[in-house]
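Everything on this sheet refers to the single structure shown next.
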Amino acid sequence: MTENRVIYQRGLPEQFKSSAIKLYDQAFGAKISVAVRADEKRLFLLNSCFMPEYGIFAIYDKKLVGIAGYHTPTGSLTGGITYGDLISQLGFIMGNWAALIFNLYERKPRAGELVMDGIVVHSDFRGKGIGSRLLEEIGKYAKENQFNRIRLDVIDINPKAKKLYERKGFKAVKSEQFPYLRWLLRFSGSTRMELSTKGNHYP
Ligand SMILES: CC(C)(COP(=O)(O)OP(=O)(O)OC[C@H]1O[C@@H](n2cnc3c(N)ncnc32)[C@H](O)[C@@H]1OP(=O)(O)O)[C@@H](O)C(=O)NCCC(=O)NCCS
């Protein structure tokens with residue numbers, strides 16, 4: 001792979017949407033499956049809530065190889081769904097269950113803040129700097145759009161991602177432990193990390 005042939009772009013042409021859904025699901029499907037267990041329903045739901053205008057996408061040789069989603073006060077990469085949609089698509093009981101779990105995961109941006117909504121690089125293309133570049137593109141977007149800070153949460157069973165964030169200048173600001181939820185979520189703690197866009201870290 002020639003790194004300088006990877007294109008980083010905001011938003012995504014329609015032809016890539018289904019590969020974006022699959023890639024996002026490969027990384028976060030296990031987490032989302034707590035809310036929506038059946039693969040088919042989960043993919044259907046992801047497809048209906050996916051808003052590519054809230055993402056940076058890495059494309060190499062006409063193939064989608066990476067996604068970095070974000071959440072702003074106006075919307076988020078996976079935010080295009082309402083409580084009513086969940087009920088109508090999953091039924092009353094499963095829809096309420098899904099809403100409860102999504103509520104648990106919800107990280108609303110505070111004033112001046114951009115919150116990450118997932119970053120994933122295709123498994124064949126990891127360790128080549130694409131994740132780092134996606135974070136830099138998020139940084140540029142945040143700066144250009146007057147966000148003071150980027151915030152994310154990383155779970156305790158993902159040290160690789162945490163290391164990447166630290167390398168890109170994110171600082172841990174808070175750790176939460178919830179061992180009583182491990183049976184449900186499969187992780188029992190997370191760290192909140194932040195990066196100020198006021199520094200010199202990003203061009
Ligand atoms: C986390 C993730 C997005 C990182 O993406 P990536 O493209 O592999 O990230 P990078 O290539 O920029 O960095 C990864 C490693 O490759 C190294 N690397 C970067 N550029 C490189 C290059 N040109 N040649 C060799 N190694 C390189 C980095 O130093 C880094 O090493 P480290 O892990 O020891 O710090 C990816 O592993 C992933 O998709 N994971 C699954 C989803 C996930 O966990 N998302 C995060 C949720 S919080």
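The numbers here are math on the coordinates, done by the rules we state, and not lab data. Everything numeric in this text was worked out from a predicted model, so none of it was measured. All Cβ positions, glycine included, derive from the backbone under ideal geometry; neighbour counts span all protein chains shown.
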Got the relative contact order for the range 3-150 handy, in percent, Cα pairs under 8 Å and 6 or more residues apart?
-> 26 percent
Burial-style ranking of 98-104, 137-143, average other-beta-carbon count within 10 Å with highest first, yields 137-143, 98-104
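Taking the Cα centre of the range 3-150 as origin, work out the dipole magnitude from +1 charges on Lys and Arg Cβ and -1 charges on Asp and Glu Cβ, in debye rounded to 20.
Magnitude of the dipole: close to 240 debye.
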The farthest towards the positive end of the charge dipole of the chain, of the residues Tyr70, Ser188, Ser88, given +1 on Cβ of Lys and Arg and -1 on Cβ of Asp and Glu, is Ser188
With Cβ to Cβ distances under 12 Å as the rule, what net charge do the other residues near Gln146 carry (K, R +1; D, E -1)?
-> +1
Over 32 Å between Cα atoms, which of Lys62/Lys198; Lys143/Lys163; Lys41/Lys198; Lys128/Lys174; Lys22/Lys168 qualify?
-> Lys62/Lys198; Lys41/Lys198
Where a ≥ b ≥ c are root eigenvalues of the Cα gyration tensor, a/c under 1.5 meaning rounded, otherwise prolate if a/b exceeds b/c and oblate otherwise, the range 3-150 counts as oblate
